[in-house]
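Shown next, in structure tokens, is the structure this report addresses.
Values in this text are rule-based calculations from the coordinates and carry no lab data. Owing to the predicted nature of the structure, the values given are computational and were not obtained by experimental measurement. Note that we place each Cβ from the backbone using ideal geometry, even for glycine, and neighbour counts take in every protein chain shown.
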Amino acid sequence: MDIFEKCDSDEGYFGPSRVQEDYFFTRPILDPIPGATTSFQGQKCIQWSINNYLGLAEDNELKSVALESTRDYGTSAPMGSRMMTGNTQHHKLLEQKLAQYLDKEAAILFNYGYLGVIGTISSLAGKNDTVLIDKLSHASMLDGTLLSPGKFRVFKHNDMDSLENHLKHINRNRKGGILIVTEGVFGMRGDLANLKDICTLKEKYGARVFVDDAHGFGVMGPHGQGTGSYFGVHNKLDVYLGTFAKAFASIGGVTASNKKVVEWIRYNARTQVFAKSLPMVYVEVLKKALEKVKKGDDRRDHMWEISFRLKQKLANLGYCTGEGQSPIVAVYVPAGDIPTGKKIIFRLRELGIFVTGVIYPVVPKGIMLFRMIPTASHTDEHVDKTVRAFQIVRDELNLDLEKAFISQRESPLQ
Ligand SMILES: Cc1ncc(COP(=O)(O)O)c(C=O)c1O
């Protein structure tokens with residue numbers, strides 16, 4: 001059998017979309033101008049699908065820093081990995097500033113959040129160790145776990161009994177360490193990890209905790225310090241990861257922890273050691289973005305107002321928006337019915353509202369939801385126009401919205 005045979009089939013992730021060369025539901029072609037609106041197939045739409053929480057993607061000062069930096073350094077410098085020729089004082093300074101912001105001893109940059117997650121988990125979890133991972137963790141966390149030479153176990157989503165049972169089981173014949181791995185804000189449903197109880201359990205059983213706070217970094221808690229800080233347990237998080245691809249509206253990731261742990265990761269994370277370092281243009285932009293994120297309480301307040309308004313108004317129409325306590329608004333499609341979900345997306349886009357449907361493998365099979373991201377760039381008018389469109393769609397398609405509550409409650413997402 002030819003190894004390429006599968007490429008002719010409709011198997012694999014999003015197989016039917018691939019075969020149909022779909023550019024509507026998967027890989028829609030969008031106007032690259034960032035902001036609360038976008039252009040899709042010639043139609044101006046309100047954009048609810050980008051992670052531009054604080055509205056920094058449109059920030060002119062950040063664009064000027066990028067221009068200046070590109071003029072000085074080009075787009076590739078410094079060339080080489082940090083270990084060889086890619087290290088500069090600027091990288092080190094940004095790491096120090098990030099460590100300060102995150103109240104940790106040290107921090108290390110990665111080129112993507114994804115690379116940060118897999119590099120961090122796989123370098124920390126050795127042969128005798130066990131990774132204990134929340135069932136709904138992002139793909140990068142699972143990949144980092146699978147790359148580790150140790151064992152792993154999966155606990156039920158945010159279920160502290162399940163976590164404790166696993167901890168007890170591992171402790172019976174324990175040879176190495178335990179790393180509990182969870183998201184801070186679960187990026188699809190928008191619910192929060194029960195970090196207080198996770199920290200209590202990790203202390204009780206002598207484990208460590210790694211939090212991938214991609215959607216909480218710059219967003220949650222005082223000054224956007226993250227989901228741990230929102231719950232008042234930030235100082236108990238052993239290893240904290242943030243990505244710059246969301247609230248910071250840039251590229252890259254950061255892991256923060258105590259100095260010895262960060263140095264271990266620096267020398268052992270393969271995605272760090274064997275990859276070119278972050279270009280100067282991003283380092284310079286991130287320094288400025290960090291200042292704006294720190295001082296961004298007005299932006300955060302506005303984003304929360306948009307989130308509450310959108311969630312409340314959609315709920316008033318009868319839509320199921322789940323139980324997330326983060327700004328993310330997850331709208332569940334009745335009974336996870338993909339054909340109906342596609343009709344809703346199609347009609348919403350005709351009405352000038354851009355939402356994306358999320359299905360397996362991003363969420364478990366049997367679920368479909370629209371993951372809507374409120375940002376500081378949205379206005380009340382954007383929300384109201386969006387809600388009117390959802391009302392039209394509900395009435396035109398005669399949606400049985402009650403079914404969405406049942407599918408959400410009984411879903412494998414629980
Ligand atoms: C929870 C989580 N972790 C990691 C990542 C990957 O981050 P990046 O896009 O910076 O590679 C994402 C991005 O979607 C995410 O949501």
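Key figures for this structure:
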{"quantity": "Extension gain (nm, one decimal) between GLN391 and LEU146, 0.36 nm per residue minus Cα-Cα", "calculated": "83.8 nm"}
{"quantity": "For region 383-395, 3J(HN,Hα) per residue [Karplus equation, 6.51 cos²θ - 1.76 cosθ + 1.60, θ = phi - 60°, Hz, x = Gly/Pro]", "calculated": "5, 5, 5, 5, 5, 4, 5, 4, 5, 4, 5, 4, 6"}
{"quantity": "Charge dipole (debye, nearest 20) of the chain; +1 at Cβ of Lys and Arg, -1 at Cβ of Asp and Glu", "calculated": "1140"}
{"quantity": "Listed residues TYR73, HIS382, VAL273: farthest to the positive end of the dipole of the chain (Cβ charges)", "calculated": "VAL273"}
{"quantity": "Descending semi-axes in Å of the chain, equivalent ellipsoid built from Cα gyration tensor", "calculated": "33, 27, 22"}
{"quantity": "Magnitude of the charge dipole, region 155-266, Cβ model with Lys/Arg +1 and Asp/Glu -1, debye to 20", "calculated": "460"}
{"quantity": "19 Å Cα-Cα reach of LYS196 towards aspartates and glutamates, excluding residues that sit fewer than 8 places from it in its own chain", "calculated": "ASP103, ASP134, ASP159, ASP161, GLU164, GLU183, ASP212, ASP213, ASP238, GLU323"}
{"quantity": "Theoretical FRET efficiency, 1/(1+(r/R0)^6), r = Cβ-Cβ of VAL273 and HIS169, R0 35 Å, to 0.05", "calculated": "0.55"}
{"quantity": "The chain: antiparallel DSSP beta bridges as a percent of all, rounded to 5", "calculated": "55"}
{"quantity": "Per-pair calculated FRET efficiency, R0 = 35 Å: TYR360 and LYS260 via Cβ, rounded to 0.05", "calculated": "0.30"}
{"quantity": "Computed label-point distance, nm, for sites MET79 and GLU350 using a 7 Å Cα→Cβ extension", "calculated": "5.3"}
{"quantity": "Among VAL239, LEU136, ALA207 the positive-end extreme of the charge dipole of the chain (Cβ point charges)", "calculated": "ALA207"}
{"quantity": "Per principal axis, descending, Cα span of region 1-137 in whole Å", "calculated": "49, 49, 31"}
{"quantity": "Debye log10 I(q)/I(0) for region 329-384, one point scatterer per Cα, at q = 0.12, 0.20 Å⁻¹", "calculated": "-0.30, -0.75"}
{"quantity": "Relative exposure of SER277, SER17, judged by other C-beta atoms within 10 Å (fewest first)", "calculated": "SER17, SER277"}
{"quantity": "Candidate aspartates and glutamates for bridging to LYS385, where Cα separation is under 20 Å - those fewer than 8 sequence places away on the same chain excluded", "calculated": "GLU305, GLU350, ASP395, GLU396"}
{"quantity": "Neighbour-count order for VAL233, VAL219, fewest beta carbons within 10 angstrom listed first", "calculated": "VAL233, VAL219"}
{"quantity": "Percentage relative contact order, the chain, counting C-alpha pairs under 8 Å, at least six apart", "calculated": "21"}
{"quantity": "Neighbour-count ranking [beta-carbon atoms within 10 angstrom, fewest first] of ASP213, ASP10, ASP238", "calculated": "ASP10, ASP238, ASP213"}
{"quantity": "log10 of Debye I(q)/I(0), alpha-carbon scatterers only, for region 258-373 at 0.19, 0.21 Å⁻¹", "calculated": "-1.00, -1.08"}
{"quantity": "Above-threshold pairs, the threshold being 28 Å between Cα atoms, out of LYS156/LYS311; LYS135/LYS403; LYS236/LYS311; LYS44/LYS288", "calculated": "LYS236/LYS311; LYS44/LYS288"}
{"quantity": "Region 59-294 - percent relative contact order, Cα under 8 Å, separation 6 or more", "calculated": "30"}
{"quantity": "Given LYS97/LYS295; LYS97/LYS287; LYS63/LYS104, the pairs whose alpha carbons are separated by over 19 Å", "calculated": "LYS63/LYS104"}
{"quantity": "Global geometry of region 59-294, whether rounded, prolate or oblate, following the gyration tensor of its Cα atoms and the 1.5 cut on a/c", "calculated": "prolate"}
{"quantity": "Region 3-75 versus region 88-105: alpha-carbon centroid distance in Å", "calculated": "29"}
{"quantity": "Top positive-direction residue, dipole computed over the chain with Cβ charges, set GLY55, ALA125, TYR332", "calculated": "ALA125"}
{"quantity": "Region 59-294 - charge dipole about Cα centre, Lys and Arg +1 at Cβ, Asp and Glu -1, debye rounded to 20", "calculated": "660"}
{"quantity": "Alpha-carbon centroid distance for the pair region 224-246 / region 270-306, whole angstrom", "calculated": "14"}
{"quantity": "Calculated FRET efficiency for the pair LYS294/SER64, C-beta based, R₀ 25 Å, to 0.05", "calculated": "0.85"}
{"quantity": "Three-way shape call for region 192-279 based on the alpha-carbon gyration tensor, with the a/c threshold at 1.5", "calculated": "oblate"}
